[in-house]
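Read the structure below first, then the notes.
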Amino acid sequence: MILNPLQQHDAQQLAHCDWLIGIDEAGRGALAGPVVAGACVIHRSFFESAEALELSAGINDSKQLTAQARETYLGQIEALRVAGLLDFAVASGSVEEIAEHNILGATRLAMRRAVDALAAKTTEWSLPEQAAAGPLFSETSPVKLIVDGRPLKPFPYSHRGIVKGDGKSLTIAMASISAKVARDRQLVALAADYPDYGFAGHKGYATKSHREAILAHGPCVLHRELFLRKILSVKSSC
């Protein structure tokens, strides 16, 4: 079977290691709700499985997929997990943590929690910890971590950043889908408690209807205060 570009990327990575972990986030740019990170791990044997190659063939950056397609592909990712061909985990950084640590700090927290949750489920591999003075990415480690975007600083585990990695790496794309679907489901559930804001539709992002709802009703506890300054300053100047 011919590999697609995302599969090819990770197959090349696994030529130099045994396990590959892709990491991505969802919700970093939203006005409300948590930031959610996903982490997905595959073994080099993944590319020896016809089932794995077939089920992952259409997977892409979650931003390039419709909500329905993301749900479909998450179902396929879950099927691959049941078959023992991969594993994944998701974790969040709360609105309170975003306020305390800023969005980048909360994103790092969510990513570390997702990776730690993944590692806690297995004895087959361990995370590649690296001293702060050492290189961010060790070519000799049997476990490689790759993250969408630039390298995380600080971060306790050796890793490599890949700009626009969710459109280049299969494991990052699968982490992206798992994070995005998990976050969307959270916002849909929370919408029932905060019906004035339309969270089920825009998922906390800065759509016109969301900005108008904030101006009409004021922020709620799900909103990220620092993200609202520009919107609320318009109201105060009127």
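The values are calculated or read from the model by the stated rules, or taken from the named source; none is laboratory data. Values in this document were obtained by computation on a predicted structure and should not be read as measured data. Here the Cβ is made from the backbone with ideal geometry for all residues, glycine too, and neighbour counts use every protein chain on show.
Here is how the numbers come out for the structure above:
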{"item": "Test for Ile21: is it in contact with a Lys or Arg (Cβ under 8 Å, 6 or more places away or on another chain), touching a residue at least 24 places away in the same chain (Cβ under 8 Å), of a type in the set (Val, Ile, Thr) and buried (at least 24 other Cβ atoms within 10 Å of the Cβ)", "result": "yes"}
{"item": "Residue match in the stretch 2-22 (condition: over 30 Å from His101 (Cα atoms), of a type in the set (Val, Ile, Thr) and either in a strand (DSSP E or B) or touching a Gly at 6+ places or on another chain (Cβ under 9 Å) (or both))", "result": "no"}
{"item": "Evaluation of Ala213 against (1) over 22 Å from Thr107 (Cα atoms); (2) touching a Leu at 6+ places or on another chain (Cβ under 6 Å); (3) at pLDDT 95 or above (one fails), failing number", "result": "(2)"}
{"item": "Scope the stretch 171-189; condition among the small types (Gly, Ala, Ser) and over 16 Å from Glu78 (Cβ atoms); matching residues", "result": "Ala189"}
{"item": "Lone unmet requirement of (1) exposed (fewer than 12 other Cβ atoms within 10 Å of the Cβ); (2) over 30 Å from Leu3 (Cβ atoms); (3) without any contact (Cβ under 8 Å) to a residue 24 or more places away in the chain; (4) within 19 Å of the chain's Cα centre (by Cα) for Pro154", "result": "(3)"}
{"item": "Filter result (surrounded by fewer than 14 Cβ atoms within 10 Å (Cβ to Cβ) and either among the acidic types (Asp, Glu) or assigned to a helix (DSSP H, G or I) (or both)) within the stretch 53-71", "result": "Glu54, Lys63, Gln64, Ala67, Gln68"}
{"item": "Identity of the residue in the stretch 80-103, exposed (fewer than 14 other Cβ atoms within 10 Å of the Cβ) and out of contact with any Asp or Glu (no Cβ under 7 Å at 6 or more places or on another chain), that ends up nearest to Gly22 (Cα to Cα)", "result": "Gly84"}
{"item": "Residue, nearest to Cys40 (Cα to Cα), within the stretch 72-109, restricted to residues that are part of a helix (DSSP H, G or I) and of a type in the set (Ser, Thr, Tyr)", "result": "Tyr73"}
{"item": "Selection count where residues are touching an Asp or Glu at 6+ places or on another chain (Cβ under 7 Å) and among the aromatic types (Phe, Trp, Tyr), scope the stretch 141-189", "result": "1"}
{"item": "Residue ID - nearest to Arg185 (Cα to Cα), chosen from residues in the stretch 196-227 that are without any contact (Cβ under 8 Å) to a residue 12 or more places away in the chain and assigned to a loop (DSSP other than H, G, I, E, B)", "result": "Thr207"}
{"item": "Qualifying position, being charged (D, E, K, R), at pLDDT 95 or above and part of a loop (DSSP other than H, G, I, E, B), among Arg112, Arg28", "result": "Arg28"}
{"item": "Pairs, first within 11 Å of Met174 (Cβ to Cβ) in the stretch 49-65, second of a type in the set (S, T, N, Q), C-beta under 8 Å, six or more apart", "result": "Leu55/Gln76; Ser56/Gln7; Ser56/Gln76; Ile59/Gln76; Asp61/Ser176; Ser62/Ser176"}
{"item": "Residue match in the stretch 175-190 (condition: free of Cβ contacts under 8 Å to residues at least 40 places away in the same chain, among the basic types (Lys, Arg), surrounded by fewer than 22 Cβ atoms within 10 Å (Cβ to Cβ) and within 27 Å of Ala69 (Cα to Cα))", "result": "yes"}
{"item": "Any chance Leu127 is of a type outside the set (Phe, Trp, Tyr), buried (at least 16 other Cβ atoms within 10 Å of the Cβ), modelled with pLDDT under 95 and in contact with a Pro (Cβ under 7 Å, 6 or more places away or on another chain)", "result": "no"}
{"item": "Meets criteria (surrounded by 24 or more Cβ atoms within 10 Å (Cβ to Cβ) and of a type in the set (Val, Ile, Thr)) for Ile214", "result": "no"}
